[in-house]
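Read through the structure below, which is laid out as C-alpha cells, and then see the notes.
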Amino acid sequence: MAEKTTRPRKRRMRNLFLNERMQLRYVLIVCGICATIGGVLGLLIYQQSTLASDQIIASLNAAGMDWIDLHTKSAIREQLGRTDLGIIASLVLVGLGVAVVMVVFLIVLTHRVAGPLHRVAQYFEQIEAGRLVPPGTLRKSDQFKQVFESLCSTHEALHQRTTDDIELFSAAIAALSAAPESATMTRVVEELRHLNQEKRASLKSQ
C-alpha cells in the first residue's frame, strides 16, 4: 500500500502569528524606521511646495504686478493653498497605503522565519515526551532550510539508533529468558521489556 504524502498546509491570516512577540516587534521596528524616513521626506516635499507658493504669492504682491486684478490674485492664492493641502493629503494617503502593504509584507516575511522555528520547537517537545515524530517539511518560501535539513538528518539518526536498540533489547530479552530463572534475572528481563516497549511506542507515534 502506497504511503500517503502530506502536503504543506496553506497559510491563513489567523495562522500567520506563530510567535506574536517576535513578529510584532520586528514589524514595529521596521515600520517605525520607514515612518521616520517617510515623514522626513514628506516634510521636505511639503516645505518645498510651501516655499514655492510663498515665492509666487510674494511675486504677486511685488510692485509692477498691478496689471493682475485682485480677484485673480485671490484665486491664485486659493489655488496654491489647495495645492499645498492636496500634497499633504496625498502624502498621508500614500503613507497609509505603504504602511498597510509593509505590515502585511512583514507579517508574511516574519512568518517564514517563525514557521520553521515553531516546527523545530514542536519537534523538541515531541522528543521530550518520548516520541520520535518526523519534523515534517518546509514550504519553498520558508527560511532556515539548512538548519531544518540538519534536524531531519538528526531525526533519521535517532530513528536508526532507536531501531538498533530495539533489536538489541529483543535479542537480550530472548537470551535472558532462556537462562535459568532467578529473582534478579526476572527483574532485569522485565526492565528490558519495559524499555523496549517504550522505544517501540516512540516509533509508532510517527
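Here are the numbers:
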item	result
Burial order of peptide ranges 65-71, 117-123 (average beta-carbon count within 10 Å, highest first)	117-123, 65-71
Percentage relative contact order, segment 126-204, counting C-alpha pairs under 8 Å, at least six apart	42 percent
Signed unit charges on C-beta, dipole axis of the chain, positive-most listed residue Gly32, Val103, Leu70	Val103
Evaluated over segment 17-129, the Cα radius of gyration and Dmax, each in Å	25.4, 91
For segment 17-129: relative contact order, % (alpha-carbon pairs under 8 angstrom, 6 or more apart)	57 percent
Aspartates and glutamates whose Cα lies under 16 Å from that of Lys73, excluding same-chain neighbours fewer than 8 positions away	Asp54
Helical mean residue ellipticity (222 nm; -39500 (n - 2.57) per DSSP H run of 4+; nearest 500) of the chain	-28000 deg cm²/dmol
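Bear in mind these aren't lab numbers, they're just calculated from the coordinates by the rules spelled out. These numbers were taken from a predicted model, which means no experiment stands behind them. Reconstructed Cβ throughout: ideal geometry from the backbone, glycine too, with neighbour counts over all protein chains shown.
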